[in-house]
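The values are calculated or read from the model by the stated rules, or taken from the named source; none is laboratory data. This structure is a prediction, so every number in the text was calculated from the model and none was measured. For neighbour counting, all protein chains shown are included, and Cβ atoms are generated from backbone atoms with ideal geometry for every residue, glycine included. We work out accessible area using only protein heavy atoms, side chains counted, and drop any ligands, DNA or RNA first. Shrake-Rupley method; radii C 1.70, N 1.55, O 1.52, S 1.80 Å.
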Amino acid sequence: MNFRRLLSVLLFASLCTGAAAQFYSDGGDPGKLKWYSIKSPDFKVIYPEGLDSLALEYGRSLEEHRAPVGRSIGYEPNGLYRRPLPVILHAYSSANGMVTWAPRRMEFLTGPDAEEPESLDWIDNLTVHESRHASQMQFSNKGKWRLFHILSGEALTGLLDGLHTSSLFLEGDAVVAETALSNAGR
């Protein structure tokens, strides 16, 4: 097969498969979901169609816990940024969450663990824990690191935080905040 024919076949195949594709970084959301968003002063909650009440509840919890989460660390979640922090709700996945930079966002897998032995307020636990991680990620946007942040954007943030502090400390600090600021904790 000559090069042009191979290139044509590959181009055709990529067009056929890419037409219905949708990018997602985590979760198992169906590709045909329609996404909506609501904004609060500090967060932009992005959610699938039909889950307006869930999005409002997560937005309420994020705003309610913003100041207490940041009080002991010195930075409220999203405190050093002008634009609201995107929070993506993946409602078709099991429970957990993550904070990611480049691009800066939080992603929540909103389904609580079906085998959890206690009835805990999952929304508050998740928002407190992940908000604490968002607060931790702001240290590289202040002081001597500010110039590097301006030059590299959000890409350097995760690297600096990973090199500067242990992942055990970051996770342990978030668990302590979750325990102190919710009715549960670990």
In whole Hz, the Karplus estimates of ³J(HN,Hα) for segment 59-69 (6.51, -1.76, 1.60; θ = phi - 60°; x where Gly or Pro) are x, 4, 5, 4, 5, 5, 9, 4, 5, x, 5
Counting Lys and Arg as +1 and Asp and Glu as -1 over every other residue whose Cβ sits under 14 Å from the Cβ of Arg83, the net charge comes to +3
Quotient of Cα radius of gyration and Kirkwood radius for segment 120-186, i.e. Rg/Rh, equals 1.08
Subtracting the Cα-Cα distance of Ile73 and Leu159 from 0.36 nm times their residue separation yields 29.0 nm
So the carbon and sulfur contribution to the accessible area of segment 133-186, 1.4 Å probe, in percent, is 67 percent
For Lys32, the lysines lying under 28 Å Cα to Cα, once residues fewer than eight places off in the same chain are dropped, come out as Lys44
With +1 on the Cβ of every Lys and Arg and -1 on the Cβ of every Asp and Glu, the dipole magnitude of segment 39-186 about its Cα centre, in debye rounded to the nearest 20, is 1040 debye
Per the C-alpha gyration tensor (a ≥ b ≥ c, the square roots of its eigenvalues), segment 42-87 is rounded if a/c is under 1.5, else prolate if a/b beats b/c, else oblate; here it's oblate
Sorted by chain and number, the residues with a modelled amide H under 5 Å from that of Ile88, at a separation of 5 or more or across chains, are Ile46, Met106, Glu107, Phe108
Here FRET efficiency (C-beta to C-beta, Glu57 to Glu171, R₀ 30 Å, nearest 0.05) is 0.75
Net charge near Ser72 (other residues with Cβ under 15 Å of its Cβ; Lys, Arg +1; Asp, Glu -1) is 0
